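**Q** Before anything else, here's the structure in question.
Each reported figure results from applying straightforward, stated rules to the coordinates on display, with no laboratory input. Model, not experiment: these values are computed from the prediction. Using ideal geometry, Cβ is built from the backbone for each residue, glycine included, and neighbour counts are taken over all protein chains shown.
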Amino acid sequence: MTVIDSLKTLYYVHDPMCSWCWAFRPTLTKLLADLPPHIEVQYLVGGLAPDSDEPMDETTQAMIQKHWHTITKKVPTTKFNFDFWANNIPRRSTYPACRAVLAAKAQAQGANKENKEDAMILAIQQAYYLHAQNPSDDDTLIHCAKSIGLDTAQFQQDLHAEHTQQQLQQDIQQAQSMGVYSFPSLVLEENGQFKPIAIDYNRADNMLQQLN
């Protein structure tokens, strides 16, 4: 007798400007590549920091830079370009980058949907962490959109559209309804039940065991 696995959904809750999400990316990629076919994947943007035009204060800048140093010790393969802090006026504002991910997702069709979504996440992460560019700024996000082949005029329109902001709020509310308030997070849904998956930044197989 053959037992057919029930369909499950793995939610990945992230923020494209979350440094721990950047550190998790290589292991997440390995995890998703090894998932069994009955587990679908859905990304949710968690919205780390609301819109703000105010420059980041020195205390916050120091705190984030400390996180970067901590990450390079715990996940040694992670790279950061600390020139960001000298070359930019940082703002504690990640909602624009979150909306950029949703705008990219909206442009994609069919099988390319997840690819465009993830391509934008990677473009933002590389711009921020490797090239010392500021994803809180529209110019950086538009450059990212162009680099992954999006219609930049449509992207700019969607980036500031009310429906994109509403989708961001829906993602945030959905994540919080599953008990997620930190990033990155993984939650497995099966038959309406939600199970948090403990993150391992260096070993995909440890998370696969939890999923199986």
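**Q** Could you give the length gained on full extension between residue 178 and residue 130, defined as 0.36 nm per residue of separation minus the Cα-Cα distance, in nm?
**A** Here the segment from residue 178 to residue 130 would lengthen by 14.1 nm.
**Q** Normalised by the residues of the chain, what does the relative contact order come to in percent, with Cα pairs under 8 Å and at least six apart?
**A** 30 percent
**Q** Okay, moving on. If the only charges are +1 at each Lys and Arg Cβ and -1 at each Asp and Glu Cβ, what is the size of the charge dipole of segment 157-205 around the Cα centre, to the nearest 20 debye?
**A** Computed charge dipole of segment 157-205: roughly 160 debye.
**Q** Report, ordered by chain and residue number, the lysines lying within cross-link reach of residue 146, taken as a straight Cα distance under 17 Å and ignoring same-chain residues fewer than 8 apart.
**A** Residue 146 reaches 105, 113, 116.
**Q** Pick out, from 188, 75, 87, the residue whose Cα sits farthest towards the positive end of the charge dipole of the chain, with +1 on the Cβ of Lys and Arg and -1 on the Cβ of Asp and Glu.
**A** Farthest towards the positive pole: 75.
**Q** In whole Hz and in residue order, list the ³J(HN,Hα) couplings for segment 15-24 that follow from phi through the Karplus curve 6.51 cos²θ - 1.76 cosθ + 1.60, θ = phi - 60°; x for Gly and Pro.
**A** Karplus values, whole Hz, x for Gly and Pro: 9, x, 9, 7, 5, 6, 5, 4, 5, 7.
**Q** Same structure, new question: List the residues, sorted by chain then number, that are 5 or more residues from residue 44 or on another chain and whose placed amide H is less than 5 Å from its amide H.
**A** 12, 13, 14
**Q** So, one more: Rounded to the nearest 5, what % of DSSP beta bridges with both residues in segment 8-211 are antiparallel?
**A** In segment 8-211, approximately 60 percent of DSSP beta bridges are antiparallel ones.
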